[in-house]
């Protein structure tokens with residue numbers, strides 16, 4: 001189990017980094033000390049991914065032998081970053097065929113379905129990934145976003161609650177490259193920010209709740225009385241910062 005990871009948002013998708021920092025460090029060592037042992041093809045692919053050189057990443061990964069499920073999944077990600085969804089799906093499917101319980105690749109297939117607006121099918125793949133990896137904040141986040149796209153806000157909120165219970169920073173952390181994708185391409189952004197404010201308020205994460213209230217209002221969320229009346233915001237309403245925020249007329253961005 002990898003305890004440290006980073007994320008980066010690219011075109012509405014977040015990557016969870018596993019091992020990318022080590023690969024980048026290895027590259028720095030390679031460049032400053034040419035006599036050291038050459039990097040593996042997989043390490044080189046990871047480095048190209050960090051640098052967003054996805055074509056080169058594919059070429060490097062394809063030279064790895066034997067082709068493991070992890071490498072096949074990384075090839076799929078590199079193709080997805082080039083918007084070559086057909087090739088991405090081919091490699092995710094190969095990864096799952098080689099390792100049927102590979103939750104990361106199953107999750108990534110869900111992100112392809114989501115990108116193609118097949119939200120019901122995306123939900124199916126995220127649930128399948130969670131059945132294998134039930135403590136994944138990333139997959140819970142994705143499942144919530146798929147429910148949100150289907151306008152099932154109750155289920156979306158439940159999934160976001162679960163994601164935050166596992167990793168309180170799941171929606172806030174940033175990073176570079178990796179093996180699991182998180183979907184953040186949401187059309188109803190102001191409504192999403194309202195629900196995120198509810199989730200954070202219920203968790204007592206007041207600073208983030210206030211940030212998302214501001215984002216919701218700036219995004220055009222019209223129903224300010226929800227913040228003034230709903231029980232989820234009761235504790236938040238005791239804060240001076242909340243009063244100040246309610247007095248503002250945020251410029252809609």
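The values are calculated or read from the model by the stated rules, or taken from the named source; none is laboratory data. Computed from a predicted model, the values in this text were never measured in an experiment. Cβ sites come from the backbone with ideal geometry, for glycine too, and all protein chains shown count toward neighbours.
Assorted remarks:
- Residue match in region 244-253 (condition: assigned to a helix (DSSP H, G or I), modelled with pLDDT under 95 and buried (at least 19 other Cβ atoms within 10 Å of the Cβ)): no
- Pairs, first on the phi > 0 side of the Ramachandran plot in region 189-204, second surrounded by fewer than 21 Cβ atoms within 10 Å (Cβ to Cβ), C-beta under 8 Å, six or more apart: 204/235
- Residues satisfying the stated conditions in region 203-231, i.e. more than 22 Å from the chain's Cα centre (by Cα), crowded, with 19+ Cβ neighbours inside 10 Å and under 17 Å from residue 156 (Cβ atoms): 221
- Some residue of region 109-121 being outside the structural domain of residue 193 (by TED's automatic domain parsing), within 14 Å of residue 181 (Cα to Cα), in a helix (DSSP H, G or I) and touching a strand residue (DSSP E or B) at 6+ places or on another chain (Cβ under 6 Å): yes
- Qualifying residue in region 94-106 (condition: loosely packed, with under 14 Cβ neighbours inside 10 Å, at pLDDT 95 or above and within 23 Å of residue 141 (Cβ to Cβ)): yes
- The residue of region 140-159 that is surrounded by the most Cβ atoms within 10 Å (Cβ to Cβ), among those that are within 20 Å of residue 181 (Cβ to Cβ) and in contact (Cβ under 8 Å) with a residue 40 or more places away in the chain, is 142.
- When each of 182, 162 is tested for being at pLDDT 95 or above, surrounded by 14 or more Cβ atoms within 10 Å (Cβ to Cβ) and under 24 Å from the mean Cα position of the chain (by Cα), the lone residue that passes is 162.
- Test: residue in region 133-147 that is within 27 Å of residue 58 (Cα to Cα) and over 16 Å from the mean Cα position of the chain (by Cα): no
- Failed item in (1) over 30 Å from residue 52 (Cβ atoms); (2) touching a strand residue (DSSP E or B) at 6+ places or on another chain (Cβ under 8 Å), with residue 182 passing the rest: (1)
- Of all residues in region 85-101, exactly one satisfies the criterion of being out of contact with any helix residue (DSSP H, G or I) (no Cβ under 6 Å at 6 or more places or on another chain) and not in a helix (DSSP H, G or I), namely 100.
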